[in-house]
Structures are given as structure tokens and as C-alpha cells.
Amino acid sequence: MRLNRVTRALALFGHPERRFPSFHIAGTNGKGSTAAMLHGILCAQGYRAALYTSPHLSSFTERMRVGDGEITPQEVVELAEALTAQLDRAGIALTFFEFVTVMALVYFACSEIDVAVVEVGLGGRLDATNLVHPKVSIITTIAKDHEAYLGSDLESIAREKGGIIKDGIPVIGGPLAPEARAVIETLSQAHKTKNYFLGRDFSVTMDDTGQFDYEGPQWHLKELSVALHGAHQRNNAALALAALEVSGRDFPVEETAVREGLKEVIWPGRLEMLGSSPTVILDGAHNMEGVEMLVREIRALAGDRRVHILFGAMGDKDWQGMLKELARVAYGFILTKAPMERSVDPQALCQSLPPGVSGRSVDDPLQAAVLLLESAAADDVVLVTGSIYLLGEVRPFLLRVMKPCATAAGRPGAL
């Protein structure tokens, strides 16, 4: 993991990352949702805003957006061929993520955007995205994940994610543990930049209807609504608003754009309801912090209804801990896997279930989804979680077979 290869590659294309400003977002969880909200507000204001996220859920083209539109498959092919030819001539070999990041930055520069919202892939300090020129750096949460790459304690992980902090560029921080926040504060001081933390410099207050108030250094916004479900999404919305507030000189936005962007945001696979009878929910919780938040939300949503869970995970995750946590709300499990070498064998998952919790292993994820639906009564809850790659496998199938669910936003993606 180095940045020199990506730097050399970007130089071949005239350093596209320098041709537009960015909002750069790192964190263990909430990066994608925060990025989607920020992008939605900027678009609602009328900016030609781009969005780069990873991984994709169903289609590679989801990773690169300009305005409401994704990059087209034809554009992907043409860009990949052009990049490969130049990189081969220069003798530069990139990893998959490095290549895709260079592709996105070239695509955005050619699209003559006003601003890009860029999600970090892994960590921050050595991530391929860490060559963008941000107006604001955002760190959503810091928890244990990818320990083999980022370290086994919160301080080490915070240093890696805090590696996106740059001289004089303000930093927005989410609900961080004291030891992680201390690292971010120290890094901010070293880079002579201001930091703003949720709960200290800005806050959210929620009511029983799901609406929330935002209080920032200057902004005081009442009765906001966001299309994404969950208390944690209000925190993510606050991070997006704080970032816009501190960058107001460069990218001013009106309150109407804030309200529209939050109300209309779509970010599939995050407490996403695809249908009713039974209630079917997809959530890409893939680490302990994400699963703990998911369990809290499912408890509140399901009440005393039975919860059937389809679960699959990657081998480098704490899947034993995730299973134990999910078992607190599960009536039963079907264990499966996405078609990737990193996936945990479903039988190993089944054998690791806590005592007294029923489970069945099914290798094929689509067959597993069928069995899960067949086992659920009309008033039960069906939850698919554990890996974003698993969601990508079963979501298109579920969209075809489930009766559309009416939502506040009038489409899948909200509860």
C-alpha cells in the first residue's frame, strides 16, 4: 500500500485530482451514507457534483456518479482501455482499487464537475483517494475493522483514518471514542487546522416522529427529515451539514437544498425495506459496530415479531462476534456466502451459532433467500445482512419477487 504508484498514474493524465475540489470522507461506518447525503444536497443546490464510493452493490457503475447519473458501461469500457494502454506503456502496475480510483478522477475531470464527494476505500493515510484536494475532511466513526491493515487498537486505526487530514483543511468528526478523538485532535494540531466534533461543536436532537433538529456554529435547522432510516443516519446527516457549514464560502447552500437533499437521498442496502408480508430489510452491516447499531434498530422496528436472518460474511471480519450479536434478535438463521474466496464457509457459520439458536447452511445465496422467504410468515421480519457482497447477490432477486413497499420517499431505500 503506497501512494507513489497512484501519483505516477495520475501524472500521466495531467493530475485530474487537482482540477476540482473535493469533500473527503473516511471512517469505519457511515462513509457511504454521509457521502450520499452530502452529494444530494450539493446537487439540490444546483452544483455539478460527483460522487465516488465503494464497493458497489449490484453494478460497477454505481461507484461513479455525476449529478443523478451513473457512469455508463460504455464509458467504463472506453476509460479502462485508455487507462490500461497508457499505464502499460509507462510500466505502472496498479491494484484494482487504485485503477478504479484513477478512472473515477479522470472521469470527473473530463465531466467538468464543480466538486466531488470522495469516499475512502480502506483506512485513509495510504488509500488511493488520499491524493484529492479537499475543502473538508470528514471522519465518521472509528471502530475495529480491517485490523490486519489498520492496527488492532483504536489509536492505531485513528492514525490511519486521520491520515486524510491536511494542512489548513478543516476536519469534521463523528461520535468518536475518547482515545480516537484525542488522536484526531493531535493530528489536527500538527496540520494547523480546526476540528469540529459531533456533540461538542454541532449536535442533533431527534423527536418521536423521526425528524431532527441540527445545531451548528451558525446553522440552526428545525424539523429536518432524512430518507434513510436509523438514529445513526441522523448523525451522518449532521456530519454532512457540518461539512457544508464550514465550507460555506466555497459552496454555499440554501436551506431548501438541505431539506430536499436529505429528504430525497437514496442509499440502498442500509436499513432498506424492499417489501412487506413479510417485511424484508437489507442492511450491509459488516463489522461489530455496524451490527450493534443494526440490532438496536431491528429491536425497535420488529417489536415482538419473529426475525429471520440471512447472513454471510468475509473471513477477515469478526463474524463470530457478529453472529452472537445478531442472535439476540434472531428467531433463526440461514447461513450462506457470496461467491468470493474471502467468504466464510456457511457450515462454519452454522457451527458457530450460540447454543439454542437454530440455523441452516445453504451455499447458494439465491436458494438461501428463497428458503428464508418460505420460512417466514406474513407478519414476520426478514433481515439480510453481514456482507455488502451478499446483499449485491440477493437484492436484484428480492426486488423482482417482493411486492413494492410504500415508503416515505415513495421508493425502496427508506422505512
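What follows is calculated from the coordinates using simple rules that are stated; it is not laboratory data. Just so you know, these numbers come straight off a predicted model, no measurement behind them. All Cβ positions, even for glycine, are placed from backbone atoms using ideal geometry, and neighbour counts span all protein chains on display.
Are there any GluC sites (Glu not before Pro) in segment 245-278 that are in a DSSP loop and have at most 16 other Cβ atoms within 10 Å? List them by number. Mind showing how you got there, number by number?
On the way: sites: Glu245, Glu254, Glu255, Glu260, Glu264, Glu272; in loops: Glu254.
Those satisfying the criteria are Glu254.
Which label marks the calculated value of volume of the Cα convex hull per residue in Å³, given the options (1) 264; (2) 137; (3) 146?
Step by step, volume of the Cα convex hull per residue in Å³ for this structure corresponds to label (2).
For segment 166-211 and segment 126-143, write down the distance between their C-alpha centroids in whole Å.
A separation of 13 Å, based on Cα centres.
Let me know the shape class of segment 123-282, please: from the alpha-carbon gyration tensor, a ≥ b ≥ c as square roots of the eigenvalues, rounded when a/c is under 1.5, otherwise prolate if a/b is greater than b/c, or oblate.
Values: a/c = 1.92, a/b = 1.29, b/c = 1.49.
In terms of gyration-tensor shape, oblate.
In the neighborhood of Gln233, defined by Cβ-to-Cβ distances under 10 Å, what is the net charge if each Lys or Arg adds +1 and each Asp or Glu adds -1?
On the way: positive: Arg234, Arg270; negative: Glu297.
Here the count lands on +1.
Take the alpha-carbon centre of segment 1-57, take the same for segment 279-337, and report the distance between them in whole Å.
Their Cα centres are 30 Å away from one another.
What's the extension gain from Ser375 to Arg8 if we count 0.36 nm per residue and subtract their Cα-Cα distance? Display every interim value, and only then the final one.
Details: separation 367, 0.36 × 367 = 132.12 nm, distance 5.40 nm.
Contour length minus the Cα-Cα distance gives 126.7 nm.
Note down the net charge around Leu10, summing +1 for each Lys or Arg and -1 for each Asp or Glu among other residues with Cβ under 9 Å from its Cβ.
Values: positive: Arg8, Arg18; negative: Glu17.
Around Leu10, the charge tally is +1.
Suppose R0 equals 41 Å. What FRET efficiency, 1/(1 + (r/R0)^6) with r the Cβ-Cβ distance, do His15 and Glu254 give to the nearest 0.05?
Efficiency computed from Cβ-Cβ geometry: 0.80.
What's the exposure ranking of His39, His232, going from fewest to most Cβ atoms within 10 Å?
Values: His39 28, His232 24.
Taking fewest neighbouring Cβ atoms as first place, the list is His232, His39.
Give me the aspartates and glutamates in straight-line cross-link reach of Lys337: C-alpha distance below 17 Å, same-chain residues under 8 apart excluded.
Asp283, Asp316, Asp318, Asp345, Asp363, Asp364, Glu393
So which of Lys31/Lys222; Lys161/Lys192; Lys222/Lys317; Lys192/Lys222 end up more than 29 Å apart, counting from Cα to Cα?
On the way: Lys31/Lys222 24 Å; Lys161/Lys192 17 Å; Lys222/Lys317 39 Å; Lys192/Lys222 33 Å.
Pairs exceeding 29 Å: Lys222/Lys317; Lys192/Lys222.
Any chance you could give the angle, 0 to 90 degrees and rounded to 10, that helix 178-190 forms with the longest Cα principal axis of the chain?
In the chain, helix 178-190 runs at an angle near 10 degrees to the longest axis.
Taking the Cα centre of the chain as the origin and placing charges on Cβ (Lys, Arg +1; Asp, Glu -1), which of Gly275, Ser352, Ile157 is farthest toward the positive end of the dipole?
Among Gly275, Ser352, Ile157, the one farthest towards the positive end of the dipole of the chain is Ile157.
Which aspartates and glutamates have a Cα less than 16 Å from the Cα of Lys135, not counting those fewer than 8 places away in the same chain?
List returned: Glu17, Asp114, Glu119, Asp167, Glu245, Asp250.
Placing +1 on the Cβ of each Lys and Arg and -1 on the Cβ of each Asp and Glu in segment 4-264, which of His191, Phe212, Tyr107 has its Cα farthest towards the positive end of the resulting dipole?
His191
At 222 nm, what helix-only mean residue ellipticity would the chain give, in deg cm²/dmol to the nearest 500, using -39500 (n - 2.57) for each DSSP H run of four or more? Before the final figure, lay out the partial values.
Details: 14 runs with 162 residues, N = 415.
The helix contribution divided over the chain gives -12000 deg cm²/dmol.
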